[in-house]
Each structure stands twice: as structure tokens, then as C-alpha cells.
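For reference, the structure discussed in these notes is given below.
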Amino acid sequence: MIIEIITIILIIFGFVIFLKLTFYNNPIIFFKLIDNDKDVSFYINNPGKYAISTVKGKFVTITNGFKIRINQNFKSSSDLLIQELKIRNKTYTKWHIGIEFLSFKIIDEGSYSLKIEGADNLIVKEPRFATKQRILDEIKKDEIELAIEKYYPFYHRIFAVILIIIGLVGLIWKSI
């Protein structure tokens with residue numbers, strides 16, 4: 001009886017964590033890539049790691065010359081360190097599948113500004129057909145929309161899947 005309760009709790013926690021990380025990550029701000037002549041301002045309430053992701057497009061290529069500069073308004077003139085992600089998580093925003101491709105760390109809450117340089121050097125592509133990943137169409141620069149959202153490392157999702165698997169194995173083992 002105790003094993004069934006523990007396995008059901010593991011399954012529930014695994015599903016809740018997985019769904020929260022995958023579908024309920026509310027972006028802080030949306031902005032168009034083409035609006036690179038003006039600063040984009042946003043406010044961060046919770047310090048932590050954040051990601052810049054595409055709203056639409058599953059493949060992102062950053063070529064030389066593309067740069068995003070983020071600094072804290074009214075406090076510092078130095079830019080935050082922005083890193084390209086090695087493992088790029090998919091995001092689900094505005095009923096589209098996007099991908100996280102840059103990350104940065106916020107230490108203090110407050111107002112921040114973002115400036116894009118070399119917007120033409122960012123290439124975003126999406127598959128022409130849902131099943132064919134080899135045929136890619138480049139998205140026009142004026143249609144590319146980016147978002148800033150809380151970043152959760154890939155191992156958080158793996159942990160949620162492991163909880164689900166352990167719970168299912170426990171239920172199957174107990175029923176045998």
C-alpha cells in the first residue's frame with residue numbers, strides 16, 4: 001500500500017514539474033528582431049538565469065557580427081555576460097515551438113535594457129513540413145520575434161522524466 005502511494009506521488013510530481021518547465025514558462029517580454037535601432041526595456045523581479053529564445057523557429061544559427069547587449073538601467077554601464085547555449089531547449093510560446101539559444105544571469109532585480117547589434121547575422125529556420133526536418137525555410141527578419149524567459153537547465157526536465165519512470169516502474173513492479 002505504501003509503495004503504491006509513493007509511486008503515485010512520484011508520477012504526479014514528475015508530471016507537474018515537466019509540464020511547468022515545458023509549457024508554463026511565462027516570458028517576461030516579447031520583442032521583434034528588426035527593432036534593433038531602439039533599446040528594449042524590461043523589469044526582472046527574481047534574480048536568476050534567463051534565456052533569450054525564438055517564438056517561432058526550431059533552428060538558430062548565430063554568425064559573426066550578431067550581438068545582444070544587456071545592462072542594468074541607472075546602475076551600471078557594463079554589459080551582462082551573454083552565453084550561447086550548448087543544449088538548446090525547446091519552448092512553447094504563443095502556440096509556436098521556439099528554441100532557447102542565449103542565456104544570461106541576473107544578480108539584482110531591477111530594470112534592464114537590451115540592444116541588438118547585427119540583426120542580419122541571426123538566421124532562424126523552421127521545417128517546411130512537421131515531419132521533414134531536412135527541408136528548412138528561413139524566417140524573414142521582420143517576422144522573427146524573440147522572448148526573454150526564465151531558464152531551466154535541461155537536467156531539470158530529465159529529473160522530471162526520471163521521477164515519472166521510477167513511479168511507473170514501481171507501479172508495474174507492485175502489480176506483478
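For the reader, a short list of remarks on this structure follows.
- Against the list (1) touching an Asp or Glu at 6+ places or on another chain (Cβ under 7 Å); (2) among the charged types (D, E, K, R); (3) surrounded by fewer than 16 Cβ atoms within 10 Å (Cβ to Cβ), the condition Lys86 fails is (1).
- Of the criteria (1) surrounded by 13 or more Cβ atoms within 10 Å (Cβ to Cβ); (2) in contact with a helix residue (DSSP H, G or I) (Cβ under 9 Å, 6 or more places away or on another chain); (3) in a loop (DSSP other than H, G, I, E, B); (4) of a type outside the set (Ser, Thr, Tyr), which one Arg157 fails: (3)
- Single unsatisfied condition, Lys67 versus (1) touching an Asp or Glu at 6+ places or on another chain (Cβ under 9 Å); (2) of a type outside the set (S, T, N, Q); (3) touching a residue at least 60 places away in the same chain (Cβ under 8 Å); (4) under 18 Å from Ile144 (Cα atoms): (3)
- Any hit, the range 158-175, residues being free of Cβ contacts under 8 Å to residues at least 40 places away in the same chain and either of a type in the set (S, T, N, Q) or in the same structural domain as Lys49 (by TED's automatic domain parsing) (or both): yes
- Qualifying residue in the range 89-97 (condition: of a type in the set (A, V, I, L, M) and either in contact (Cβ under 8 Å) with a residue 60 or more places away in the chain or touching a Phe, Trp or Tyr at 6+ places or on another chain (Cβ under 8 Å) (or both)): no
- Of the strands (runs of 3 or more DSSP E) entirely within the range 54-118, those holding at least 2 residues that are among the charged types (D, E, K, R) and more than 16 Å from Asp39 (Cα to Cα) occupy 96-106.
The values are calculated or read from the model by the stated rules, or taken from the named source; none is laboratory data. Bear in mind that the values here come from a model prediction, so they are computed numbers and not experimental data. Using ideal geometry, Cβ is built from the backbone for each residue, glycine included, and neighbour counts are taken over all protein chains shown.
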